[in-house]
Amino acid sequence: MKDVLAGVRVLEVAAWTFVPAAGAVMTEWGADVIKVEHPIGGDPQRGLISMGLVAGGGGPNVNYMIELPNRGKRSIGIDLATDGGREILYRLAQTSDVFLTSFLPDTRRRLKIDLEDIRARNPNIIYVRGSGQGARGPDSGKGGFDGATFWARGGIATALTPPGMDWPISPRPAFGDVMGGLTIAGGIAAALFRRERTGVPSVIDVSLLALALWNLGPDVLSSKLFKDVKTPSFDRDSMPNPLVGQYATRDGRFIMLMLLQPDPYWPDFCEHIDRADLINDPRFCDSPSRFQNRRELTLLLRDIFSSRDYADWVKTLSTLKGVWAPFQTVLEAHDDPQVLANGYLPRVTAPSGEEFSIAANPVQFDETPAQPVAAPEHGQHTEDILLELGLSWEEIAAHKDAGDIL
């Protein structure tokens, strides 16, 4: 995968997960991604362990919330508030194909890294902005995190919270961020293709709010169309297709059935649950009959699945012709044979020497799994990058003394 974007340089001025995740994806596709961090604090996400917000003390020496969106990058410490630091950034922009940022409009203007500033030094650069609410509108200048903009404002939480609950369900860490990063990376790839074909560099905008609406596409489309129409509703005991749904096992685990076109699979399904007597049962032998008697069948299947343990069902259903899945934990997914066979969780070695598994981006080229490397330490590549830029050791030392760089 490393040759897909070989020769492409991405200059990233971004923090947290949403936009940096795009840079991480592009490193796995072969791009050289230079992460610009403040010389003192660096990406604020580096401090989450010391703040106690993510697992840290007493465990493996791996800052996983830095590793996830920053693997494979090179880190340079630059103070963009200084003239000297800003000039180094401009020189890096001259050698880059993409400028990637999550900074708010006011901050970009204050630091002089807005579109016109960067394009003044490199008219052909692709300029990419990741935002909370989008590039226009009354809230375009406000920040956003996935828990607020994507999860709450975008409607995800409301859509996923079951009726009757007195509190919205909470998101998992970076739930919208990582999908947003992949979306940005795809947009950049398209922009690189456009520039290659036409010579026109794009300005790309991706927001967490837009991402939420995209993820809720069916809900968004139907909610407006049918807001005044009474739609059919089904409770858990009488779903329209009993072969689509969740069933509890004896030991409190769950199995998910997804036989969306059940008729061809009904005989095989009955054989697998040791109820061949149901194949020609007039109550259940075809879809109309199963719909008419859906409550009875749902309760019957519930009893059948609750009679045996989860592991037993996983083994029994392994040869089922229709689609189904076990409700796995994330930890169990590490040992899923499909995950292992496809290289979805490659092993990476952190700068500390610790080894860990990380979720690779889901795109594979030429049947080759991604091979990520660890995230850089704060400012780890400052001198290397500046030497590549043509600065002498004396110039680097002068910039250090001036506080321009780490």
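The values are calculated or read from the model by the stated rules, or taken from the named source; none is laboratory data. Predicted model only: the values in this text are computed from it and were never measured. Every residue, glycine as well, gets a Cβ built from its backbone with ideal geometry; the counts of neighbours run over all protein chains shown.
Some values worked out for this structure:
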quantity: Residue check, Glu394 assigned by TED's automatic domain parsing to the domain that holds Pro69, of a type in the set (Asp, Glu) and modelled with pLDDT of 95 or more; calculated: yes
quantity: Cβ pairs under 7 Å, 6+ apart, first in segment 160-184 and assigned by TED's automatic domain parsing to the domain that holds Met26, second part of a loop (DSSP other than H, G, I, E, B) and among the hydrophobic types (A, V, I, L, M, F, W, C); calculated: Leu160/Ile169; Thr161/Ile169
quantity: Filter result for Asp79 (assigned by TED's automatic domain parsing to the domain that holds Gly199, in contact with a Gly (Cβ under 6 Å, 6 or more places away or on another chain), touching a residue at least 40 places away in the same chain (Cβ under 8 Å) and more than 30 Å from Arg195 (Cβ to Cβ)); calculated: yes
quantity: Candidates Asp139, Asp177, Asp166 - the one that is assigned to a helix (DSSP H, G or I), of a type in the set (D, E, K, R) and out of contact with any Cys (no Cβ under 9 Å at 6 or more places or on another chain); calculated: Asp177
quantity: Residue within segment 207-224 that is at pLDDT 95 or above and in a strand (DSSP E or B) present; calculated: yes
quantity: Long-range neighbours under 7 Å by Cβ, at least six apart or interchain, first residue within 18 Å of Val19 (Cα to Cα) and without any contact (Cβ under 8 Å) to a residue 40 or more places away in the chain within segment 200-227, second assigned to a strand (DSSP E or B) and among the β-branched types (Val, Ile, Thr); calculated: none
quantity: Hits in segment 310-338 - residues which are crowded, with 16+ Cβ neighbours inside 10 Å and hydroxyl-bearing (Ser, Thr, Tyr); calculated: Tyr310
quantity: Checking Arg172 against (1) modelled with pLDDT of 95 or more; (2) outside any helix (DSSP H, G or I), the condition it does not meet; calculated: (1)
quantity: Output for segment 374-406, where each listed residue is in contact with a strand residue (DSSP E or B) (Cβ under 8 Å, 6 or more places away or on another chain) and surrounded by fewer than 14 Cβ atoms within 10 Å (Cβ to Cβ); calculated: Asp384
quantity: Considering residues of segment 83-107 that are over 28 Å from the mean Cα position of the chain (by Cα) and among the charged types (D, E, K, R) only, the residue surrounded by the most Cβ atoms within 10 Å (Cβ to Cβ); calculated: Arg86
quantity: Those residues of segment 191-229 which are exposed (fewer than 12 other Cβ atoms within 10 Å of the Cβ) and of a type in the set (A, V, I, L, M), in sequence order; calculated: Val200, Leu221, Leu225, Val229
quantity: Helices (runs of 4 or more DSSP H) contained in segment 337-406 and holding at least 2 residues more than 22 Å from the chain's Cα centre (by Cα) and closer than 27 Å to Leu11 by Cβ; calculated: 382-388, 393-402
quantity: Matching residues, segment 293-349, being hydroxyl-bearing (Ser, Thr, Tyr), without any contact (Cβ under 8 Å) to a residue 12 or more places away in the chain and more than 21 Å from Pro262 (Cβ to Cβ); calculated: Thr329
quantity: Verdict on Pro242 being free of Cβ contacts under 8 Å to residues at least 60 places away in the same chain and of a type outside the set (A, V, I, L, M, F, W, C); calculated: yes
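Every residue, every condition in (1) outside any helix (DSSP H, G or I); (2) in the same structural domain as Gly130 (by TED's automatic domain parsing); (3) in contact (Cβ under 8 Å) with a residue 24 or more places away in the chain; (4) farther than 24 Å from Phe175 by Cα, yes or no:
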position: Asp3; (1), (2), (3), (4): yes, no, yes, yes
position: Trp16; (1), (2), (3), (4): yes, yes, yes, no
position: Val19; (1), (2), (3), (4): no, yes, yes, no
position: Ala22; (1), (2), (3), (4): no, yes, yes, no
position: Met26; (1), (2), (3), (4): no, yes, yes, no
position: Ile34; (1), (2), (3), (4): yes, yes, yes, yes
position: Pro39; (1), (2), (3), (4): yes, yes, yes, yes
